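Input: a single structure, listed below in structure tokens.
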Amino acid sequence: MSFDPGMLHNNGHTAFANGSAPGLRETGVVEKLLTSYGFIQCSERQARLFFHCSQYNGNLQELKIGDDVEFEVSADRRTGKPIAVKLVKIKPEVLAEERIGGQVVSAIPTHLDGKAAPGQAPTGSVCYERNGEVFYLTYTSDDIEGNMHLDTGDKVSFYMETNKHTGAVSAHNIHLVKKKQTRCQGVVCATKEAFGFIERADVVKEIFFHYSEFKGDLEDLQAGDDVEFTIKDRNGKEVATDVRLLPQGTVIFEDISIEQFEGTVLKVIPKVPTKNQNDPLPGRISARIGFDKELLFGEKDTKSKVTLLEGDHVQFNISTDRRDKLERATNIDILSDTFGFTKEAREMDMLSAQRNHAVRIKKLPKGTVSFHTQSEQRFIGTVDKEIMATTPAKNVSPSKTKEKEPEEGVIAYEDCGVKMTVLYHAKDLEGSIYPQAGDKVEFSINEVKRTGQQSAVSIKVLNRTAANAKRLQGFVATLKDNFGFIETANHDQEIFFHYSELCGDVENLELGDTVEYTLSKGKGNKVSAEKVNKVAAVNGVGEDAGGGVMLGKVVRPLRSVDPTQTEYQGLIEVAEEGGWCTVCQDSPWSKSGAKGGNYPFGIMGMASKADCLQKGELVKFQLCTVVQTGQKMACSVVPQRRALVECVKDQFGFITYEVGESKKLFFHVKEVQDGLELQTGDEVEFSVVLNQRTGKCSACNVRRGPTEPVVTPRPERLVNRLKSITLDDASAPRLVIVRQPRGPDNSKGFSVERKTRQPGVID
């Protein structure tokens, strides 16, 4: 198509497509734009007009498809067709003066790189919320201020504008408010009391994080774990937040070459770092990889434990840091021909006399080197000075307490008629029994090679003297924070003891454990136990249990449950109703088990030592006799508890059961047996456990009780109908015999006379 711009200015134009007079301006939208011409879609009428680019008043580079323009209509003199002349671009109308906050939901594609077709600009989209509804708007790169790239998820603010011809609304004058937070990865490099540091995987830098930002169990977090986190700015410093564990091996800092290279050590790592030394890779190796290249290495890069010296011939791999592309030597191993390169007169596996440190160390089989010599002869002696076992204080950090020197005891013995003494320590005792002054012991003598100091080892107690024969046995009845109580062998009293008098670790002591102790009197003539030792339990310690099982009620609990009472023992009364559960009438226990009889019990009489029996609870028990006193006591006491579940929450719940001043009893879902899921109103059986140190009770071994079948009542409409029917009612339903029954002999009816039977009587 040929076009003469001069024709547009001819005064002979008389024909117009819409019949409008000359000089009337119209509006439209650029529909197509080529190199030198284009087409406009009219807004006021259905028409498509040609225009030449020379008729555009402005910078043609800024004109794009979709732009609003204003123009006059003229006619081409040669063809007579209407064309657009005197084009002017219309500025878009802004809908609101206030800026709107939103978010980028679709970024402008970057793969086009601005090389789109002429007039076709790539677009993105943003969204904003108004009155609970979400709206979406498009935008182009010209609508972004600051010539920056927006990513999906970025927070932005913008104005809205509308095209008055097409009615399309778009975002305009977009400002970036906040970039989207990206998740970073790293490795925990240090942990402190309440915070730690993470080595980042994107840059060579460490970042701080507080333990409150870790999403997980802190017991599982340790140095070397892979984590991911979000970076936030707090008080002008970057910190890691929302820290979460990643599978081990997720974070990789470096790439290690498969090929091994050889080289020579130029500089070794200083054995004593200087104050000004901050280089983590102080070592240097000259690598031969086609050309000489100097590589760094650090203390952790040596593969073997052999000390490296300058001039050693080594082989290694090359590690490249992904963050800053730093190369270093790693997996360094000394070659066997290194002596030929260094020309050094030395031998392997020997200590150099010219140096004050060991070099070329060789590992020997375990047990080859011994610093002590132990005598084969066994000696007999008497304990002259005993060791008092100390118990570490609870709830105290080991780092905040000074470690005390181990206490030493003294043993006197004779060797070839010469009286001698030797020291011993608690770690050299055999068994858990601590020897006391006057005890006869057997031992060997250990001598330190370097100092010649002697001590007794492998010490075994042979027998005790008469002065130490009064050792009593008992059972742990109560454990508190720093003290406890021991039930005597007669099960009728409790004796106080402090943890400092315990020979051993308190953590290994449990309720019901058998212990050995000595009585002593303190201030105010109060009796207490000292030199308490845990000993092996003996079956049937003084009791003879009967075979009958009885039903009773607790009329007095143990003093550990009710500290206000003066008696230690608890008391069970045989139930008035129910009597025996299972006991033969000919049993010798039947006479002693009369209804209403009372029987005491102690901690050893309970089937579960941790159970907390309350006053008024029903129990099952047996009778036993204490050999020392002949007293009959209750033993194998098992509580019979039933109550309803009041509520169940996420990991715990409450049972409607009165314990002390509390009207409900706490339980954890882990204590529910068989993995059942309890509901509110379920009837359960359970045990009550008393925390000896806090004094609080909770339920354990929770079991759902037997469920009775639910009887569905007859519908009311049937009940009313049956009440309204009488035998004389002709409309009532009648029983009609369709077929008579037949017997085995093909006889009709029943030959046996029917008669009323008595319940429980068999003919």
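Would you say L558 is crowded, with 17+ Cβ neighbours inside 10 Å, hydrophobic (A, V, I, L, M, F, W, C), assigned to a loop (DSSP other than H, G, I, E, B) and at pLDDT 80 or above? Outline the logic, then answer.
Details: crowded, with 17+ Cβ neighbours inside 10 Å: yes; hydrophobic (A, V, I, L, M, F, W, C): yes; assigned to a loop (DSSP other than H, G, I, E, B): yes; at pLDDT 80 or above: yes.
The answer is yes for L558.
Search the range 657-676 for residues being farther than 19 Å from G695 by Cα and without any contact (Cβ under 8 Å) to a residue 24 or more places away in the chain, and hand back the single one that is surrounded by the most Cβ atoms within 10 Å (Cβ to Cβ).
The selected residue is V669.
Kindly list the number of the only condition in (1) modelled with pLDDT of 85 or more; (2) over 47 Å from the mean Cα position of the chain (by Cα); (3) surrounded by fewer than 12 Cβ atoms within 10 Å (Cβ to Cβ) that fails for E510.
Looking at each condition in turn, E510 falls short on (2).
Scan the range 506-527 and report the pairs whose first residue is in contact (Cβ under 8 Å) with a residue 12 or more places away in the chain and whose second residue is of a type outside the set (A, V, I, L, M, F, W, C) and assigned to a helix (DSSP H, G or I), with Cβ atoms within less than 6 Å and a gap of 6+ or a chain change.
V506/Y499
So, of the residues in the range 203-212 that are among the aromatic types (F, W, Y) and part of a strand (DSSP E or B), which turns out to be surrounded by the most Cβ atoms within 10 Å (Cβ to Cβ)?
Filtering first and then ranking leaves F209.
Considering only the range 213-228, state which residues are over 21 Å from D324 (Cα atoms), over 13 Å from the mean Cα position of the chain (by Cα) and not in a loop (DSSP other than H, G, I, E, B).
Across the range 213-228, the qualifying residue is only E213.
Among the residues of the range 168-187, write down those that are in a strand (DSSP E or B) and among the aliphatic types (A, V, I, L, M).
Within the range 168-187, V169, A171, I174, L176, V177, V187 qualify.
Just checking, does the range 284-293 include any residue being surrounded by fewer than 13 Cβ atoms within 10 Å (Cβ to Cβ) and of a type in the set (F, W, Y)? Let's see the steps before the verdict.
Going through the range 284-293, the residues surrounded by fewer than 13 Cβ atoms within 10 Å (Cβ to Cβ) turn out to be 288, 290-292.
Filter once more, so that each one left must be of a type in the set (F, W, Y): 291.
Yes, the range 284-293 contains a residue that is surrounded by fewer than 13 Cβ atoms within 10 Å (Cβ to Cβ) and of a type in the set (F, W, Y).
Within the range 438-453, track down each residue that is under 18 Å from G409 (Cα atoms) and small (G, A, S).
Across the range 438-453, the qualifying residues are G438, S444.
May I ask you to list the residues in the range 56-84 that are farther than 28 Å from S170 by Cα and in contact (Cβ under 8 Å) with a residue 24 or more places away in the chain?
Those that are farther than 28 Å from S170 by Cα and in contact (Cβ under 8 Å) with a residue 24 or more places away in the chain: V73, S74, A75, D76, R77, R78, G80, K81, P82, I83.
So, F158, is that one surrounded by 13 or more Cβ atoms within 10 Å (Cβ to Cβ), free of Cβ contacts under 8 Å to residues at least 12 places away in the same chain and either more than 38 Å from the chain's Cα centre (by Cα) or within 24 Å of V30 (Cβ to Cβ) (or both) or not?
No: the conditions fail for F158.
Inside the range 321-332, can you point out the residues that are closer than 14 Å to A287 by Cβ and without any contact (Cβ under 8 Å) to a residue 60 or more places away in the chain? Even if it seems obvious, please write down each step before you answer.
Residues of the range 321-332 closer than 14 Å to A287 by Cβ: 327-332.
Once the filter is applied, which keeps residues that are closer than 14 Å to A287 by Cβ and without any contact (Cβ under 8 Å) to a residue 60 or more places away in the chain, the range 321-332 yields E327, R328, I332.
Return the residues of the range 188-202 that are assigned to a loop (DSSP other than H, G, I, E, B) and under 20 Å from the mean Cα position of the chain (by Cα); say none if nothing qualifies.
K192, E193, A194
Considering only the range 483-515, how many residues are outside any loop (DSSP other than H, G, I, E, B), among the acidic types (D, E) and under 18 Å from G602 (Cβ atoms)?
Residues meeting the conditions: 2.
The values are calculated or read from the model by the stated rules, or taken from the named source; none is laboratory data. Bear in mind the structure is a predicted one, so any value in this text is a computation, not a measurement. When we count neighbours, we look across all protein chains shown, and the Cβ atoms used for this are built from the backbone with ideal geometry, even at glycine.
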